[in-house]
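Read-outs throughout are calculated quantities, based only on the coordinates presented, and are distinct from any laboratory measurement. As the structure is a computational prediction, the values presented were derived from the model and not from experiment. Don't worry about glycine lacking a Cβ; one is built from the backbone with ideal geometry, like all the others, and counts go over all protein chains shown.
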Amino acid sequence: MSFFKSFLRNPQAVGAFFPTGASYSHLACKQVDWDTVSNIAELGAGDGAVTQYIVHYLKPHQKLFVFETDEHLLASLKSKINQENVRSEERRV
């Protein structure tokens, strides 16, 4: 299921028409001091647009906790990212 279809199905939960772009994702990740981080939480990960960039910077000892409320987007994210130090869960607020 596409990001846009998830938005149409539940716009209050998804909150955007399209996933975050590569330029913003890269810029956001460059702002983090990766040498001082041990745990990271990504809330509303969507289909993993930003997650892919976080994983690129993530060191083996660091943990990434990814949360998404849409089961279809979470399934898409899990199919793209499968690392031991990345945990993804569906959570309702």
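Here are the numbers for this structure:
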| read-out | value |
| --- | --- |
| Straight-distance crosslink candidates among lysines, where the alpha carbon sits under 29 Å from residue 5 and sequence neighbours closer than 8 are dropped | 78, 80 |
| FRET efficiency for residue 63 and residue 5, using Cβ-Cβ distance with R0 set to 30 Å, rounded to 0.05 | 0.45 |
| Separation of the residue 35 and residue 84 label points, Cα + 7 Å toward Cβ, nm | 2.6 nm |
| Cα extents of the range 41-80 along the three principal axes, largest first (Å) | 28, 16, 13 |
